[in-house]
Amino acid sequence: ITFGGFMKSESKRRKFLFVGARIVMGTVLLLGGVTPGLGLLTESQFTPEALSFINSLQETGYLYYMIKSLEIVLGTMFLLNLFIPLSAVIAAPLVINILFFELFLCNSFLIAPILLIACETIVYLEHRKLFNWLFKYQVHTHTNDLDAPDMIILSDLKEKDPKTYKNV
């Protein structure tokens, strides 16, 4: 096997893993959003604390339905490969709340939350270049232009042009 053949094989494996994670995440979210509406979940599957929490969400009149609608929309977006980085950002707090719900309110094996976190991590790693800017302190300039704003990473500016850095 040549080095080039190895790289192609590794790239295919990574792509296959990403597509699999995207499909699993979409399926779990879509089923999680649709299942309660179809009456497939019974009250015996939840602890009294979990039922109380679910009933509280339903009594708000909107929050429970907004969460379930979001699960359906995000699941569909993952399955149809639409706006995956945006879907991953929106799904992250939802996934964390699913983990905490299962961890603190249900007597479950945490299968769905672990699957979702693993899939979310794989999606993040596939698109990490798009997310890196979120974790850097930066200043945007030229905010009134129609073009994309220039980003100035302050640590880079300090090294390259200390005089301009002092003015910022």
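Computed from the coordinates by the stated procedures, all read-outs in this text should not be read as laboratory data. Remember, predicted model here, so these are calculated numbers, not experimental data. All Cβ positions, even for glycine, are placed from backbone atoms using ideal geometry, and neighbour counts span all protein chains on display.
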Rule-of-thumb check for the range 16-83: C-alpha Rg over 2.2 N^0.38 Å? 1.27
Just for the Cα atoms in the range 64-111, what are the lengths along the principal axes, largest first, rounded to whole Å? 34, 20, 15
Can you work out the FRET efficiency for the pair residue 80 and residue 104, with r the C-beta to C-beta distance and R0 = 25 Å, to the nearest 0.05? 0.15
Compute the Cα gyration tensor for the range 89-128, then decide on rounded, prolate or oblate, letting a ≥ b ≥ c be the square roots of its eigenvalues: rounded whenever a/c is under 1.5, prolate when a/b is larger than b/c in the other cases, and oblate in all that remain. oblate
Using per-residue counts of other Cβ atoms within 10 Å, averaged over each peptide, order 89-98, 62-71, 9-18, 23-32 from highest down. 23-32, 89-98, 62-71, 9-18
Just subtract the alpha-carbon distance of residue 155 and residue 12 from 0.36 nm times their residue separation and send over the number in nm, one decimal. 47.8 nm
